[in-house]
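J.: Could you have a look at this structure, given as structure tokens, before my questions?
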């Protein structure tokens, strides 16, 4: 009898062999490898996705340790995509990783062929980048899921999956609804929360605005940001895992 046990055997017990074959054949692009995107990639790698594109130009910072799965003392100062690539291969050496050490912007969209992707994950922070990702995915008829605001929130149980036009309360979702409606986008799957965001404590001693600890030569450090959101270990992780579960589910049923 041939032993067919592998690292995804427990997953196959629930999903079946044909579903696992679909996941192996899939190529998922994750834009933004931070608190949300990092956990999304982790779960996708552990689900047997065959090819994962990771896009980010940031380096691991000391302040990432509280919430980002790739952030440890040993990875501070390293590029997030480099750390994530090594982590993926440590989980599944057979997974093909396409690494893009850049920050996605509308001006750089031509560097990515969205028609190559089975699924796109938007885990970036800026509205302009989010809108561009949605528009490119729409044009190439590729499914996409977007993370809405997770900063300054404490209750992971409040996050849910919805269409962008069914969202409420979340300020980022409100902006996205308005801008996507202008552009004729009819739908967009998002993960969002109705929890009202907290206002971060104003304390110069712990503020990155005045005491930035980003690694040297970081393209966008805290001093360039208008505001520094607070976060905790258990919110972005949950958002990332919800996103990954939606991606896996959609690929299986496609």
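The values are calculated or read from the model by the stated rules, or taken from the named source; none is laboratory data. In this text, all values refer to a predicted model and were calculated from it rather than measured experimentally. Heads up, the Cβs are rebuilt from the backbone with ideal geometry, glycines too, and the neighbour counts pull from every protein chain shown.
J.: Among the residues of region 173-185, write down those that are out of contact with any strand residue (DSSP E or B) (no Cβ under 8 Å at 6 or more places or on another chain) and surrounded by 12 or more Cβ atoms within 10 Å (Cβ to Cβ). Steps first, please.
T.: At the first step, the residues of region 173-185 found to be out of contact with any strand residue (DSSP E or B) (no Cβ under 8 Å at 6 or more places or on another chain) are 174-175, 177-185.
Within region 173-185, 174, 175, 177, 179, 180, 181, 185 meet the criteria.
J.: Could you tell me whether residue 120 is in contact with a helix residue (DSSP H, G or I) (Cβ under 6 Å, 6 or more places away or on another chain), touching a residue at least 12 places away in the same chain (Cβ under 8 Å) and assigned to a loop (DSSP other than H, G, I, E, B)?
T.: Answer is no for this residue.
J.: Mind checking which residues of region 197-210 are modelled with pLDDT of 90 or more and either in contact with a strand residue (DSSP E or B) (Cβ under 7 Å, 6 or more places away or on another chain) or loosely packed, with under 13 Cβ neighbours inside 10 Å (or both)?
T.: Correct list: 198, 199.
J.: Testing residue 150 on (1) in a loop (DSSP other than H, G, I, E, B); (2) without any contact (Cβ under 8 Å) to a residue 60 or more places away in the chain; (3) under 16 Å from the mean Cα position of the chain (by Cα), one condition comes back false. Which one is that?
T.: For residue 150, the failing item is (2).
J.: May I pose another question? Restricting attention to region 28-44, does a residue exist that is in contact with a strand residue (DSSP E or B) (Cβ under 7 Å, 6 or more places away or on another chain), outside any loop (DSSP other than H, G, I, E, B) and more than 14 Å from residue 247 (Cβ to Cβ)?
T.: no
J.: Something else about it: In region 49-70, what count of residues is obtained for those that are under 20 Å from residue 102 (Cβ atoms) and outside any helix (DSSP H, G or I)?
T.: Going residue by residue through region 49-70, those that are under 20 Å from residue 102 (Cβ atoms) are 51-61, 64, 68, 70.
Then drop every residue that is not outside any helix (DSSP H, G or I), which leaves 51-61, 68, 70.
Total meeting the criteria: 13.
J.: Does residue 81 fit the bill of being crowded, with 17+ Cβ neighbours inside 10 Å and in contact with a helix residue (DSSP H, G or I) (Cβ under 6 Å, 6 or more places away or on another chain)? Write out each step before concluding.
T.: Working: crowded, with 17+ Cβ neighbours inside 10 Å: yes; in contact with a helix residue (DSSP H, G or I) (Cβ under 6 Å, 6 or more places away or on another chain): no.
For residue 81, the condition - crowded, with 17+ Cβ neighbours inside 10 Å and in contact with a helix residue (DSSP H, G or I) (Cβ under 6 Å, 6 or more places away or on another chain) - is not met.
J.: Okay, moving on. Can you tell me which residue within region 84-117, out of those that are in a helix (DSSP H, G or I) and touching a helix residue (DSSP H, G or I) at 6+ places or on another chain (Cβ under 8 Å), is farthest from residue 247 (Cα to Cα)?
T.: 106
J.: Still on this model: What's the number of the only condition in (1) touching a strand residue (DSSP E or B) at 6+ places or on another chain (Cβ under 9 Å); (2) more than 20 Å from residue 233 (Cα to Cα) that residue 18 fails to meet?
T.: In the conditions (1) touching a strand residue (DSSP E or B) at 6+ places or on another chain (Cβ under 9 Å); (2) more than 20 Å from residue 233 (Cα to Cα), residue 18 misses (1) alone.
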